[in-house]
Each structure stands twice: as structure tokens, then as C-alpha cells.
Amino acid sequence: MSSGRDPLQRAVIELTRWVTRVPVKWLVAQATGTPGNDTALQAALRQAQINVTDGFATFQGPDTDPLGFEYRLSPPELPVHFNAKELMLLGDFWAIYLFNTPGFLAPGFLPSW
């Protein structure tokens, strides 16, 4: 896995730790946009999301890409946002990842980068 050490990504993670006063771990969803996006763009976005993860402070989360248009808002809203049906399903996805990702719920100190 990548080191997850991109300066902007690191800053966002550090800010969440500072604001919450808790060494927050992150689950990063695989979400590249609406169905039908350019496949090269989707692959680049997916790789960037994977590169954020390090298996220590950041972990891979659920893949939302297989969910089609029936789970997304209709125009005039952007179809990248999810509707109520999708949000309920995503809650289930996140619960699965929260409780089944090795190391995510493990206690321990997360040092600053």
C-alpha cells in the first residue's frame, strides 16, 4: 500500500485529529463518480483513493461505484450525490467495513506524521 503521505491528505487527517482531540482513523470509500464516467478518469480517481490508505491510520472503505443511477439524485441535483435509498444502503456498507477491517477498531496510538 501507499504511504498515504500526500501533503493535502495529511493536512486533512491531522485537522480532524486536532478538531476532535482524538487520533481519528479514516476509511476511504471507493467513489469515482456517476456510472458512465470516462474509464481512464475513474481508474485515476480509484488509484488516488487507494493511495491515501496505509493500513494503519487510513483504510480502504466500501466501493460505491457499482451502485447505479437508481441510487442517485435526479437532475437538477448532481447525480454524484446519493438519494435516501442509497444513504441507507451506504450505512450498511460502512458498518460492514467498520467492524470487519483488520486494525481499524484496534486501540492504539496514532503518531502525527
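The values are calculated or read from the model by the stated rules, or taken from the named source; none is laboratory data. In this text the structure is predicted, and so the values were computed from the model without any measurement. So basically every Cβ, Gly included, is an ideal-geometry build from the backbone, and we count neighbours across all protein chains shown.
Restricting attention to the range 31-53, which residues are at pLDDT below 85, outside any helix (DSSP H, G or I) and under 26 Å from Ala95 (Cβ atoms)? If the condition is that a residue be at pLDDT below 85, outside any helix (DSSP H, G or I) and under 26 Å from Ala95 (Cβ atoms), then Ala31, Thr32, Gly33, Thr34, Pro35 are the ones that fit. Note on the range 59-79: among residues that are modelled with pLDDT under 85 and surrounded by 17 or more Cβ atoms within 10 Å (Cβ to Cβ), the one that is nearest to the chain's Cα centre (by Cα) is Thr64.
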